[in-house]
């Protein structure tokens, strides 16, 4: 039975899973939109929402807490200088997972994982 067990293991040990989620969130903060599998996106959403909520305090302790997970200074600068001011008054729901379909190689469900307030539309038409 899996009563009260939250989250997916993603087929990884704890340290590898933590590193995967850290790198997904780093890429999200740098690029505002990434493509990954649905399961990874849903797990990274839980992780990213907590980081953004922590960063909303916008003080030195929040910076240190976020830096424990996101070890990229560029990503943290993007988070504190660009993302937090834009989502500062939002009570939650900073990210979105949009399903795209199945990947050709292994038929895995693929999704776009993006920040809600950073809708980047394609200008190529």
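Values in this text are rule-based calculations from the coordinates and carry no lab data. These numbers come from a predicted model, not from an experiment. Ideal geometry is used to build each Cβ from the backbone, glycine not excepted, and the neighbour counts take in all protein chains shown.
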query = In this structure, does residue 100 turn out to be more than 15 Å from the chain's Cα centre (by Cα) and in contact (Cβ under 8 Å) with a residue 24 or more places away in the chain?
reply = yes
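Residue under question is residue 10, and the condition is that it be in contact (Cβ under 8 Å) with a residue 12 or more places away in the chain and under 12 Å from residue 115 (Cβ atoms); does it hold?
Numbers: in contact (Cβ under 8 Å) with a residue 12 or more places away in the chain: yes; under 12 Å from residue 115 (Cβ atoms): no.
It is false that residue 10 is in contact (Cβ under 8 Å) with a residue 12 or more places away in the chain and under 12 Å from residue 115 (Cβ atoms).
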Pair list, Cβ < 8 Å and 6+ apart or interchain, from region 64-84 residues that are free of Cβ contacts under 8 Å to residues at least 12 places away in the same chain to residues that are assigned to a helix (DSSP H, G or I) and surrounded by 14 or more Cβ atoms within 10 Å (Cβ to Cβ) = 65/54; 67/76
task = List every residue pair whose Cβ atoms lie under 7 Å apart, where the two residues are 6 or more positions apart in sequence or sit on different chains, the first residue falls within region 13-32 and is in contact (Cβ under 8 Å) with a residue 60 or more places away in the chain and on the phi > 0 side of the Ramachandran plot, and the second residue, located anywhere, is part of a loop (DSSP other than H, G, I, E, B) and loosely packed, with under 14 Cβ neighbours inside 10 Å.
result = 32/120
